[in-house]
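Peer 1: Take this structure, written in structure tokens, and hold onto it; I'll ask about it next.
The values are calculated or read from the model by the stated rules, or taken from the named source; none is laboratory data. Given the structure is predicted, the values throughout are model-derived calculations rather than measurements. So basically every Cβ, Gly included, is an ideal-geometry build from the backbone, and we count neighbours across all protein chains shown. We work out accessible area using only protein heavy atoms, side chains counted, and drop any ligands, DNA or RNA first. Shrake-Rupley method; radii C 1.70, N 1.55, O 1.52, S 1.80 Å.
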Amino acid sequence: MRTLVEVVREMGMTDPRLLAAFADTPRQRFVPPGSAARAQFDEPIPIGHGQPTSQPSLVAQMIDALGLAGTETVLEIGSGYGYQTALLARLARWVYSLERHADLAGHARANLAAAGVTNVEVLVGDGTAGLPAHAPFDAVIVSAAAPTVPAPLVSQLAEGGRLVMPITGEAADIVTLYTKRQGQLAWLRLLTPARFVPLIGEHTR
């Protein structure tokens, strides 16, 4: 059976820091205990509230597109059980993770602490509003789909920063990479079709 690192490598991911992050972040620590045996497979796992933790291959594509060098402050929308958060923390200077459900945020905090991840702050709130007190962010990653990127996330993205988010489509959600140029959100490329839960909050439409 292939390891998750092998899955990510076979998808064409070559960044040694990204591969090392996957190798050093045991996924079984970041799923409900009853699902730990499934954590080694490249598949989504339910975590409550009708939500899954995304399959690692999808997480890898989204994180890789951010092009993190290790100096960035990252805003993550959707903490889940903290798996993607832990990967981001190994690749960036600091991660602010915003989760809508307080119980999921609690699980994420506990899992991250148990894994020794310290450069993360998990907060409860409306992901569509972002965290203006901690902006600007060098990178933003959103793990829920909406028709457009919420305006607060655009305003909180640093000039030249990168934002990855699934955009709602008819047949599938399309994970899309953006940057910010002259204060405006600029499309860079499409990453992959996928299925995400809808992004819920004051600033979606």
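Peer 1: Out of curiosity, is residue 174 free of Cβ contacts under 8 Å to residues at least 24 places away in the same chain and either touching a strand residue (DSSP E or B) at 6+ places or on another chain (Cβ under 9 Å) or open to solvent by 10 Å² or more (accessible area, probe 1.4 Å) (or both)?
Peer 2: When the stated conditions are applied, residue 174 passes them.
Peer 1: Give the residues of segment 167-184 that are closer than 17 Å to residue 199 by Cβ, of a type in the set (A, V, I, L, M, F, W, C) and not in a strand (DSSP E or B), sorted by residue number.
Peer 2: Answer for segment 167-184, where residues must be closer than 17 Å to residue 199 by Cβ, of a type in the set (A, V, I, L, M, F, W, C) and not in a strand (DSSP E or B): just 172.
Peer 1: Sticking with this one: Give the residues of segment 54-73 that are assigned to a helix (DSSP H, G or I) and either in contact (Cβ under 8 Å) with a residue 60 or more places away in the chain or in contact with a Gly (Cβ under 8 Å, 6 or more places away or on another chain) (or both), sorted by residue number.
Peer 2: 58, 61, 62, 63, 65, 66
Peer 1: Let me ask something additional. Between 179, 192, 168, which is of a type in the set (Ser, Thr, Tyr) and either in contact with a His (Cβ under 7 Å, 6 or more places away or on another chain) or open to solvent by 40 Å² or more (accessible area, probe 1.4 Å) (or both)?
Peer 2: 168
Peer 1: Right, here's the next one. If I go through segment 15-51 residue by residue, how many of them are touching a residue at least 12 places away in the same chain (Cβ under 8 Å), within 22 Å of residue 109 (Cβ to Cβ) and not in a loop (DSSP other than H, G, I, E, B)?
Peer 2: Adding up the residues that qualify gives 11.
Peer 1: Residue by residue through segment 20-54, note down the ones that are surrounded by 18 or more Cβ atoms within 10 Å (Cβ to Cβ) and either touching a Cys at 6+ places or on another chain (Cβ under 9 Å) or among the hydrophobic types (A, V, I, L, M, F, W, C) (or both).
Peer 2: Across segment 20-54, the qualifying residues are 21, 22, 30, 31, 39, 45, 47.
Peer 1: How many residues does segment 195-205 hold that are open to solvent by less than 50 Å² (accessible area, probe 1.4 Å) and either assigned to a strand (DSSP E or B) or farther than 14 Å from residue 167 by Cα (or both)?
Peer 2: The qualifying residues number 1.
Peer 1: Taking the condition of being part of a helix (DSSP H, G or I), of a type in the set (A, V, I, L, M, F, W, C) and either open to solvent by 80 Å² or more (accessible area, probe 1.4 Å) or modelled with pLDDT under 90 (or both), how many residues in segment 1-14 meet it?
Peer 2: The number of residues fulfilling the criteria is 0.
Peer 1: Another question, if that's okay. Among the numbered criteria (1) touching a strand residue (DSSP E or B) at 6+ places or on another chain (Cβ under 6 Å); (2) at pLDDT 95 or above, which one does residue 52 miss?
Peer 2: Here residue 52 clears every test but (2).
Peer 1: Here are some conditions: (1) within 11 Å of the chain's Cα centre (by Cα); (2) β-branched (Val, Ile, Thr); (3) more than 26 Å from residue 185 (Cα to Cα); (4) at pLDDT 95 or above. Residue 117 meets all but one. Which one does it not meet?
Peer 2: Failed condition: (1).
Peer 1: Can I ask one more? Closer than 23 Å to residue 153 by Cβ and out of contact with any Leu (no Cβ under 8 Å at 6 or more places or on another chain): is that true of residue 75 in this structure?
Peer 2: In short, no.
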